[in-house]
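The values are calculated or read from the model by the stated rules, or taken from the named source; none is laboratory data. Only a predicted model underlies this, so the values are computations on that prediction, with no experimental measurement involved. Quick reminder, even Gly has a Cβ in these numbers, built from the backbone with ideal geometry, and neighbours come from all protein chains shown. The accessibility values were calculated without ligands, DNA or RNA, using every heavy atom of the protein model including side chains. Shrake-Rupley method; radii C 1.70, N 1.55, O 1.52, S 1.80 Å.
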Amino acid sequence: MKIIFSLFFILSSTFLASPGQAATKVEFENQQIKVRISTNPPQPISAFYEGRKFQKNMIDILKQQCFVSVFIHNKSNHFIWLDLSQWQFSNSDGKISRLDRYYWKAKWQEMNIPAAHQSIFRWTLLPEKLDFYPDEKEGGNILLPRLGKPFDFTARFYTGKDKKGKPIDLKFNNMTCATDKQ
């Protein structure tokens, strides 16, 4: 399924923001970790799912979401831990609730979406929790409601085999959901 995620990055915007400017793509890299974040416009997302014969009602719902694609590379010699419960999203109106895989499972089951399509969709999501071994790479999508406003988010990664190493805290400001017009 890493091929599916790679396709999302190929389709994503290549815009990097200047300070104070809204961004659809940002990167952070140090000696321990590399994190690349981008938002994807609705049209390529729709095309991806249409190509897999997803139902129109499912695609219509997905086009209304903000797809935040995340790529993470553990460049260190120790474990790094992803736990999406440690990631916070907000805008000028306050906290933004991430639409997690449990939300989507209930939504798709309520709509009687075929199990194969639910599985494909689930594989495109960033795992809720993951231990990254040294030099391991992983990616996937986080979905937020498309609110039409810039958003900020913070990400915390625990380190060390027992999660007791110094945490890595990242903050990304002024991100925007990509549109088809960009």
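Top mean-square fluctuation among 110, 128, 27, Gaussian network model of the chain, C-alpha springs under 10 Å?
Sorting by GNM fluctuation, first place goes to 110.
Using a 1.4 Å probe on the protein chains only, how many percent of the accessible area of the chain belongs to carbon and sulfur?
Taking all protein chains in place, the chain shows 52 percent carbon and sulfur surface.
Only Cα pairs within less than 10 Å get springs; with that Gaussian network setup on the chain, which residue of 86, 55, 31 has the largest fluctuation?
So, out of 86, 55, 31, the one fluctuating most is 31.
Give the accessible surface of the chain per residue, rounded to a whole number of Å², with probe radius 1.4 Å and ligands, DNA and RNA excluded. Working shown, then result.
On the way: 9570 Å² over 182 residues.
Dividing the accessible area of the chain by its residue count gives 53 Å².
On a full-extension model of 0.36 nm per residue, what is the gain between residue 181 and residue 154, subtracting their alpha-carbon distance, rounded to one decimal in nm?
Full extension of this stretch gives 7.0 nm more.
For residue 124, what residues show an amide H to amide H distance below 5 Å, using hydrogens built from the backbone and excluding near sequence neighbours?
Correct list: empty.
For the chain, set up a Gaussian network in which alpha carbons nearer than 10 Å are linked by springs, and say which option among 93, 60, 169 fluctuates the most.
Between 93, 60, 169, it is 93 that shows the largest mean-square fluctuation.
Enter the angle in degrees (range 0 to 90, nearest 10) between the Cα long axis of helix 101-110 and the first principal axis of the Cα atoms of the chain, meaning the one along which they spread out most.
Taking Cα atoms only, the helix is inclined about 10 degrees.
Using the beta-carbon distance between residue 119 and residue 43 and R0 = 22 Å, what value does 1/(1 + (r/R0)^6) give for FRET efficiency, to the nearest 0.05?
0.40
Rounded, prolate or oblate: which one fits the stretch 87-182, using the alpha carbon gyration tensor with axes a ≥ b ≥ c (rounded when a/c is under 1.5, else prolate when a/b beats b/c, else oblate)? Provide the component values of the computation, followed by the final result.
Values: a/c = 2.04, a/b = 1.17, b/c = 1.75.
Verdict is oblate for the stretch 87-182.
Past the 19 Å Cα-Cα mark, which pairs from 63/105; 34/181; 63/107; 129/149; 63/129?
The pairs that break the limit, which is 19 Å between Cα atoms, are 34/181; 129/149; 63/129.
At residue 112 and residue 128, where each label point lies 7 Å from the Cα along Cα→Cβ, what is the point-to-point distance in nanometres?
Output for this residue pair reads 2.8 nm.
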